[in-house]
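Heads up: the structure comes next, in structure tokens.
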């Protein structure tokens with residue numbers, strides 16, 4: 001069993017505290033994130049998912065409850081915030097719109113300088129990061145940000161946080177607004193980087209198909225409370241419950257559901273198209289054989 | 001953090017006090033008149049009269065004096081700074097000098113005059129606050145548009161200017177949200193946006209302004225497309241909101257205010273109040 | 001009727017880097033149709049849409065809206081009274097500080113009298129289910145609601161043709177379903193022609209006709225069933241392949257004969273039961 005690299009204990013969060021508009025957004029959350037896993041946090045809009053992510057790099061410090069990252073309590077006043085933020089890399093939505101320096105090198109160097117990376121090492125680290133995201137270091141190092149395409153900007157933004165050599169990658173709804181190709185490319189990149197750099201990845205998504213493709217485990221967060229934590233197969237089998245929470249099902253699962261209701265006995269635990277293909281093939285391979293016997 | 005979710009945007013507080021009910025056009029005119037009057041006061045008793053007037057208005061608008069006062073809290077350092085600068089650099093008849101160093105002369109008169117000016121500024125802040133607390137933004141922009149509409153005859157783009165104001169106001173929460181996101185993205189990369197002296201923090205802030213500006217520009221481009229697609233072509237030919245008729249409350253408040261200030265002025269002059 | 005004839009369009013034609021965005025596009029759209037347009041980012045979908053309400057003018061070729069040519073500057077506003085457009089990001093389409101006043105914005109621009117405007121706004125609000133939110137400021141609305149406000153605003157203008165440019169792409173899954181549902185139902189309540197740009201196959205499935213674009217050209221123009229059976233082409237254009245045609249094709253390759261033109265799960269069920 002992997003060790004728990006993040007521990008959340010009895011976490012609460014409310015905004016507009018002390019006013020008549022106070023709203024509790026997270027309620028008594030407790031769970032662990034295991035080293036090396038890809039964990040998805042899923043829930044209807046405004047269920048507190050993004051807020052929760054911001055506890056992992058101490059943008060929020062718990063007022064009630066604890067968050068322990070890599071064995072350090074984020075409430076601890078002796079906590080080295082910069083070191084924590086180096087270890088825990090966070091990518092927000094539309095990362096391409098967050099670049100603000102003139103050149104690619106300057107922007108990536110921003111994080112490195114904040115983290116006090118020694119000057120000699122900075123150039124090499126930048127070039128390595130560019131190569132990791134698939135951009136030619138010798139070309140892109142000197143490029144101006146405004147000359148980049150949207151996709152290239154995104155890669156530079158990712159390079160900017162990977163350059164810090166993180167251990168944990170936090171993604172807030174990363175495929176929002178992307179077209180199928182953009183989405184596919186992004187998910188493949190994340191899988192590749194996760195394995196190559198041996199990261200732990202926690203991501204928030206409202207796209208269930210992303211979850212099926214990427215997640216080892218899924219947390220269902222509804223009204224600030226955890227309703228389920230399990231592997232995708234076990235979560236998506238509870239169709240009625242998920243729908244009652246205001247969630248949608250992965251597209252393959254919807255098809256499987258309809259097939260079962262119409263009398264086709266595919267395995268109800270299927271979550272992706274390959275599994276569906278196998279299951280249907282098994283059923284109809286037999287049917288063909290029956291016909292031949294007749 | 002979390003400015004966005006924690007703020008109620010705009011100053012307007014719903015209510016049905018007398019002040020709420022006055023026609024916004026009258027309120028705008030009166031606001032301007034009162035501000036001009038305040039600027040012209042030169043006597044301490046003038047501020048007392050105005051202070052009384054303001055207290056009356058605050059009472060009539062069901063607002064809280066302390067609530068408005070609290071609004072000064074965030075700018076208190078700036079106010080103090082300006083006050084200090086004024087005292088230090090007061091030019092004019094020095095009179096009794098309390099303290100001198102190089103070219104810096106701190107005099108009794110200097111302190112008096114600077115405090116007086118600051119007091120007037122705070123009075124202006126109070127009357128403006130009461131105005132915005134009791135007037136909805138949309139009524140305000142409508143009223144402004146109506147008031148400066150006649151200027152269109154001399155080719156002044158009244159409607160367009162109001163439109164700019166409307167859109168700017170509407171986007172304040174959006175830009176605040178975006179600014180927060182940008183700040184968090186930089187904090188996540190180790191930026192220390194809270195630390196450092198004023199100059200250092202200003203420089204760090206400029207790093208946020210660039211992407212914010214670029215994004216605002218992009219939004220403006222999208223907005224232009226959306227507005228043109230909905231047939232916007234400036235103020236010409238647009239259906240206006242129906243102007244409400246002025247009611248007796250409006251006339252009474254106007255006359256009352258004018259009378260009050262005239263009497264104040266005359267009283268101070270006649271009795272040569274300090 | 002919308003008639004597009006041999007449309008070519010180049011961005012920045014006089015500059016050092018002209019970008020050809022549309023090449024030889026010809027098509028007609030009849031009144032009452034629900035046409036979807038699919039294609040990768042950069043395939044020319046939005047460029048084409050912008051020609052329909054004269055935001056862009058053809059570099060070569062013509063676009064006629066009910067016989068009115070978009071090239072004539074005098075016709076600009078007549079065209080925009082007929083063709084409404086809903087863009088992708090609702091945040092950048094809402095102009096006024098309350099829902100009701102924003103929906104009124106379009107009709108006000110048309111100089112319609114105040115009583116009629118209030119009438120239309122009421123109807124649009126009802127159609128889009130926004131009664132509760134009438135006096136809300138935009139920043140207090142969820143993004144799905146914001147998009148509904150935008151659509152209500154275009155509806156209140158009473159345009160014959162409505163173009164939707166990826167209206168659900170920035171919404172969460174539930175929001176996507178809700179907004180698309182409302183758009184689908186528009187045709188039952190109004191005489192509108194809908195041109196719908198999307199990436200989502202579930203949305204394309206519900207249209208009468210699907211146009212696939214790539215690199216500024218129309219590649220396919222047919223009913224959704226016929227389009228989806230051409231999986232190889234869809235894949236080569238990096239487009240999402242809907243599940244049912246994908247499964248049918250896979251099973252076919254493994255020797256189970258299922259017709260390739262099926263697109264709904266029910267059709268698949270029927271075919272499987274017949275085996």
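So between residue A:12 and residue A:30, what do we pick up on full extension, going 0.36 nm a residue minus the alpha carbon distance? Could you put the intermediate results ahead of the total?
Details: separation 18, 0.36 × 18 = 6.48 nm, distance 0.98 nm.
Once the chain is fully extended between residue A:12 and residue A:30, it gains 5.5 nm.
Give me B:27, C:132, C:123 ranked fewest to most by other Cβ atoms within 10 Å of their Cβ, as a rough exposure proxy. Numbers along the way, then the final one.
Values: B:27 22, C:132 10, C:123 16.
The fewest-first ordering by Cβ neighbours comes to C:132, C:123, B:27.
If you take the Cα atoms of the protein assembly as shown, find Rg, then find the Kirkwood Rh from the mean of 1/r over all pairs, what is Rg/Rh? Mind showing how you got there, number by number?
On the way: Rg = 31.7 Å, Rh = 31.1 Å.
Reported Rg/Rh (Cα atoms, Kirkwood Rh): 1.02.
In a Gaussian network model over chain B where Cα atoms closer than 10 Å are linked, find which of B:122, B:38, B:78 has the largest mean-square fluctuation.
Among B:122, B:38, B:78, the largest mean-square fluctuation in the Gaussian network model of chain B belongs to B:78.
Quick one: what Rg and Dmax do you get for chain B from the alpha carbons, in Å?
According to the Cα coordinates of chain B, Rg and Dmax are 23.2, 68 Å.
What is the calculated FRET efficiency for residue C:266 to residue A:244, with r their C-beta to C-beta distance and R₀ = 25 Å, to the nearest 0.05? Write down the numbers at each step before the final one.
Details: r = 24 Å, r/R0 = 0.98.
That gives a FRET efficiency of 0.55.
Relative contact order of chain A, please, whole-number percent, based on alpha carbon pairs below 8 angstrom and at least 6 residues apart. Kindly include the intermediate steps, with their values, before the conclusion.
On the way: 484 pairs, mean separation 60.4, N = 294.
For chain A, the relative contact order is 21 percent.
Tell me, what are the semi-axes, in whole angstrom and largest first, of the equivalent ellipsoid of the range A:211-273 as set by the roots of 5 times the Cα gyration tensor eigenvalues? Mind showing how you got there, number by number?
Numbers: eigenvalues 90, 35, 15 Å².
Working through the eigenvalues yields semi-axes of 21, 13, 9 Å.
Could you check the spin-label model distance between residue C:135 and residue B:82? Points 7 Å from the Cα along Cα→Cβ, value in nm.
So the two model labels end up 3.5 nm from each other.
Taking only DSSP H segments of four or more residues, each worth -39500 (n - 2.57), what value at 222 nm results for chain A once the sum is divided by all its residues, to the nearest 500 deg cm²/dmol? Don't skip to the end; give the middle numbers.
Numbers: 12 runs with 121 residues, N = 294.
Taken over chain A, the calculation gives -12000 deg cm²/dmol.
I'd like the Kirkwood hydrodynamic radius of the range B:136-243, using the inverse of the mean 1/r over distinct C-alpha pairs, in Å. Each step should come with its number before you reach the end.
Numbers: mean 1/r = 0.0596 Å⁻¹.
About 16.8 Å for the range B:136-243.
Given all pairs of different Cα atoms, what value in angstroms does the Kirkwood hydrodynamic radius of chain A take? Don't skip to the answer; put the middle values down first.
Details: mean 1/r = 0.0474 Å⁻¹.
Every distinct Cα pair counted, the radius reaches 21.1 Å.
What FRET efficiency, computed as 1/(1 + (r/R0)^6) with R0 = 51 Å and r the Cβ-Cβ distance, is obtained for residue A:275 and residue C:126, rounded to the nearest 0.05?
Numbers: r = 45 Å, r/R0 = 0.88.
That pair, residue A:275 with residue C:126, gives E of 0.70.
Give the Kirkwood hydrodynamic radius (Å, one decimal) of the range C:42-161, defined as one over the mean of 1/r across all pairs of different Cα atoms. Let's see the in-between values first.
Numbers: mean 1/r = 0.0654 Å⁻¹.
Kirkwood radius, the range C:42-161: 15.3 Å.
If each residue's Cβ is checked for other Cβ atoms within 10 Å, how do B:67, C:161 rank with the fewest at the top?
B:67, C:161
Please compute the modelled spin-label separation between residue A:82 and residue B:233, points set 7 Å along Cα→Cβ, answer in nm with one decimal.
My value for the distance between the label points is 5.9 nm.
Once you keep just the Cα pairs under 8 angstrom separated by 6 or more residues, what percentage relative contact order results for the range B:20-137?
It rounds to 32 percent for the range B:20-137.
Given a Förster radius of 30 Å and the C-beta distance between residue B:265 and residue B:11 as r, what FRET efficiency does 1/(1 + (r/R0)^6) yield to the nearest 0.05?
Working: r = 30 Å, r/R0 = 0.99.
About 0.50, to the nearest 0.05.
What 222 nm value per residue comes from the helices of chain C, counting each DSSP H run with n ≥ 4 as -39,500 (n - 2.57) and dividing by all residues, nearest 500 deg cm²/dmol?
Working: 11 runs with 109 residues, N = 275.
Theoretical 222 nm ellipticity from helices: -11500 deg cm²/dmol.
Between residue A:260 and residue C:71, what is the label-point separation in nm under the 7 Å Cα-to-beta-carbon projection?
So the label points at residue C:71 and residue A:260 sit 6.1 nm apart.
How high is the relative contact order of chain B, in percent, with contacts defined as C-alpha pairs under 8 Å that are six or more residues apart? Please report the intermediate quantities before stating the final value.
Details: 180 pairs, mean separation 75.7, N = 274.
Averaging sequence separation for qualifying contacts and normalising by length gives 28 percent for chain B.
Can you sort C:187, C:80, C:254 by how many other beta carbons sit within 10 Å, fewest first?
Values: C:187 15, C:80 25, C:254 12.
Final ranking by Cβ density, sparse to dense: C:254, C:187, C:80.
Pull out a ≥ b ≥ c, the square roots of the eigenvalues of the alpha-carbon gyration tensor of the range B:58-172, then state rounded if a/c is under 1.5, prolate if not and a/b is larger than b/c, and oblate in the remaining case. Mind dumping the intermediate values first?
Details: a/c = 2.97, a/b = 1.96, b/c = 1.52.
It comes out prolate by the Cα gyration axes.
Nearest 10 degrees, 0 to 90: what angle lies between the long axis of helix A:119-132 and the longest principal axis of chain A (Cα atoms)?
Helix A:119-132 and the main axis of chain A meet at about 20 degrees.
Read-outs throughout are calculated quantities, based only on the coordinates presented, and are distinct from any laboratory measurement. Quick caveat, the model's predicted, so the values are computed rather than measured. Positions of Cβ are backbone-derived with ideal geometry, glycine not excepted, and every protein chain shown enters the neighbour counts.
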